[in-house]
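Values in this text are rule-based calculations from the coordinates and carry no lab data. Computed from a predicted structure; not experimentally measured. Because the Cβ atoms are built from the backbone with ideal geometry, glycine has one as well, and the counts that use them run over all protein chains shown.
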């Protein structure tokens, strides 16, 4: 089974700054990688799929990159509504697997 | 655009069965390229993927050991919905439960979430 590892566990960032989140797969997942934003008490929201394609309605400040085993989600200028937990998820091999999440908090 | 509407009780007594339903609009539970999923979220465990029903088959996530052998996910083609049943609940099953649709391995549509509290 593929194991997804996210780092860091918590990222403290000031509004307006850049946030860079990492996700590593234990073996190649090609570009079958998605990112989700999850705020407490709200449904998770798809942010990025196919490693780099923004989902419908996602602002351009969100970007995804990487392929194979190393992936990055970048939020270019953090807004107040971006503070949340972000999960990566691979769908290249069964069973699909999620990372443990990175919490982006206000510094 | 797929829309998912959850329903079910917010309070369940210990040892009883938790039952939730997810009604689908804009898609079909019978569609053979979409997996219909259940998740839950709790402060202690974060977001857990419980399993899915897909084209007549079912998958339950073995990594969520606390629900193993207690969980059932069923499609209801007559009502275009799917359900979650969790037997013999304990306070540890208290969580927000979400349904979600996955196509191509990506969870693009989610229900609104249901807070289920297990308490006498």
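Within the stretch B:43-57, the set of residues being within 13 Å of chain A (Cβ to nearest Cβ), out of contact with any helix residue (DSSP H, G or I) (no Cβ under 8 Å at 6 or more places or on another chain) and surrounded by 14 or more Cβ atoms within 10 Å (Cβ to Cβ) comprises B:46, B:47, B:48, B:49, B:51, B:52, B:54. For the stretch B:1-42, a residue qualifies if it is closer than 19 Å to residue B:88 by Cα, surrounded by 21 or more Cβ atoms within 10 Å (Cβ to Cβ) and within 13 Å of another protein chain (Cβ to nearest Cβ), and the qualifying residues are B:38, B:39, B:40, B:41.
Residues in the stretch A:67-84 include none that are free of Cβ contacts under 8 Å to residues at least 40 places away in the same chain, within 14 Å of chain B (Cβ to nearest Cβ) and in contact with a strand residue (DSSP E or B) (Cβ under 8 Å, 6 or more places away or on another chain).
Looking across the stretch A:85-98, the residues that are more than 8 Å from every other protein chain (Cβ to nearest Cβ) and within 9 Å of the chain's Cα centre (by Cα) come down to A:86, A:88. So, of the residues in the stretch A:21-52 that are surrounded by fewer than 13 Cβ atoms within 10 Å (Cβ to Cβ) and more than 15 Å from residue A:92 (Cα to Cα), which turns out to be nearest to the chain's Cα centre (by Cα)? Restricting to residues being surrounded by fewer than 13 Cβ atoms within 10 Å (Cβ to Cβ) and more than 15 Å from residue A:92 (Cα to Cα), the top hit is A:40.
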